[in-house]
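**Student:** Structure incoming, see below.
The values are calculated or read from the model by the stated rules, or taken from the named source; none is laboratory data. Since we're looking at a predicted model, the values are computed, not measured. Every residue, glycine among them, receives a Cβ derived from its backbone with ideal geometry; neighbour counts consider all protein chains shown. Please note that ligands, DNA and RNA were not included when accessible areas were found on the heavy atoms of the full protein model with its side chains. Shrake-Rupley method; radii C 1.70, N 1.55, O 1.52, S 1.80 Å.
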Amino acid sequence: MKSQITTSVRLSDSGHEHLFKTIFTLVSKKMYLIPFLLVFLSNCSSDSSSNPVIAEQMYFPPNDGTTTWTTKSIADLGWSQSAVQPLLDYLQLKNSKSFMILVNGRIVMENYFNGHTSTTLWKWNSAGKTLTSTVTGIAEQEGFINTNNKVSDYIGTEWTSAPLAKENLITCKNLLRMNSGLDDTLGDDVSPSNLQYIADAGNRWAYHNVYVKLQDVVEQATGQSWNNFFNTKLRDKIGMSPSGFWYTGTGVNLGLKIYFSNTRSMARFGLLALNNGKWNGTQIVNSAFLNQATSTSQNINLSYGYLWWLNGKTSYHLPQTQIQFNGSLIATAPNDMYCALGKDDQKIYVIPSKKMVVIRMGDAADSENLALSNFDETLWTKISALYQ
């Protein structure tokens, strides 16, 4: 397929033809060379599987605070240049502020719209849940927490208004899986009075802001502020811009924890995920945790891992509903894709089979939404036209 990114070490057809003529001239004079010619011909099959191919090495932008980032052109990839403008037109039409495509870590497309720039900060919304998942994994690998333990082991009891026996069923892993059993209809406020029991942990999947309690768990277990642990263990290690910050909601936004950053910082995080938690040879979060995070985490919503959304499964659930929808999350996207999806169409798409990361930031493409929207399917029709 056109999307395969390789450096081929093989003779061209014209090169074969010239070499064959030379060898036949020699063989006509020295008949004992015929067996060697037969061996040569068998090794020069036009079947690409017999030709040695060297895969292009993954690239990581430097962590030196510069804007250095290697690029790769549409033409170099063998992609369709004619598909670029329709994609850009659609992004512009749908209120996008920024868009990036990385292949093997290299920038293939980087575009900004409506006055947005490479240094402008924008909200991740719920796409930032994956940051919390990743930092939780780091805290576990460093021995501060065990995600199988109950939440109250770290932040004490009565962090909910559920009966103590029911509260103690809720583990850190339940918060990662979104199956805490707490009522998701009461808004984003995570004060105890607003965290009410509706089902035993593990028995009901519901998209709930209670996941932010994992940040409290990390703070209590490490003795550090969430900001400090996040900055030193994740942000700085992969070169995300220090201009990024966590917004803590108040008033009608009470309970919200939203990360703001520039687009390239989001792309760096996507590149870390693509590389199984490793950044330029250094393991930031262990690959076993990240593999679990990007695999089905429970048997209710098959398209959900540890705060990551998963494509290519047989069914899925969406926020604020208990309805099961049949089919893949985004039918027009690659089946092996996993993604971070935020309110109003903040997107990190990670596609291992294509060594690709796609970023979209902006306002809602159409109407306000919490995660998935019709925009995803149409956008992927436009993206896939680049390489199909």
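**Student:** Can you go through A83, A162, A139, A127 and tell me which one is in contact with a Gly (Cβ under 7 Å, 6 or more places away or on another chain), among the aliphatic types (A, V, I, L, M) and open to solvent by less than 60 Å² (accessible area, probe 1.4 Å)?
**Tutor:** A127
**Student:** Cβ-Cβ under 6 Å, sequence separation 6+ or interchain: first residue in region 260-289 and closer than 15 Å to G137 by Cα, partner assigned to a loop (DSSP other than H, G, I, E, B) and of a type in the set (A, V, I, L, M, F, W, C). Which pairs?
**Tutor:** Close Cβ pairs (under 6 Å, with a partner that is assigned to a loop (DSSP other than H, G, I, E, B) and of a type in the set (A, V, I, L, M, F, W, C)) amount to G277/I284; G277/V285.
**Student:** What is the one condition in (1) in a loop (DSSP other than H, G, I, E, B); (2) touching a strand residue (DSSP E or B) at 6+ places or on another chain (Cβ under 6 Å) that S295 does not satisfy?
**Tutor:** (2)
**Student:** Further question on the same structure: Yes or no: region 64-78 includes at least one residue that is of a type in the set (A, V, I, L, M, F, W, C), in a loop (DSSP other than H, G, I, E, B) and at pLDDT 95 or above.
**Tutor:** Within region 64-78, one or more residues are of a type in the set (A, V, I, L, M, F, W, C), in a loop (DSSP other than H, G, I, E, B) and at pLDDT 95 or above.
**Student:** Tell me which of these E377 doesn't satisfy, since it passes every other one: (1) touching a helix residue (DSSP H, G or I) at 6+ places or on another chain (Cβ under 6 Å); (2) open to solvent by 60 Å² or more (accessible area, probe 1.4 Å); (3) among the acidic types (D, E).
**Tutor:** (1)
**Student:** Right, M178: open to solvent by less than 60 Å² (accessible area, probe 1.4 Å), touching a Lys or Arg at 6+ places or on another chain (Cβ under 6 Å) and of a type in the set (A, V, I, L, M, F, W, C) or not?
**Tutor:** The answer is no for M178.
**Student:** A further question follows. Among the helices (runs of 4 or more DSSP H) confined wholly to region 84-169, which include 1 or more residues that are β-branched (V, I, T)?
**Tutor:** 84-93, 129-141, 152-155
**Student:** Now a separate question. Working carefully through the options Q320, Q298, find the one that is in contact (Cβ under 8 Å) with a residue 60 or more places away in the chain, within 19 Å of L175 (Cα to Cα) and open to solvent by less than 50 Å² (accessible area, probe 1.4 Å).
**Tutor:** After applying the criteria, what remains is Q298.
**Student:** If you take the residues of region 346-370 that are among the charged types (D, E, K, R) and at pLDDT below 95, which of them is least open to solvent (accessible area, probe 1.4 Å)?
**Tutor:** Filtering first and then ranking leaves D366.
**Student:** Another question, if that's okay. Of the conditions (1) free of Cβ contacts under 8 Å to residues at least 24 places away in the same chain; (2) farther than 21 Å from L341 by Cα; (3) surrounded by fewer than 18 Cβ atoms within 10 Å (Cβ to Cβ), T248 satisfies every one except a single condition; which number is it?
**Tutor:** (2)
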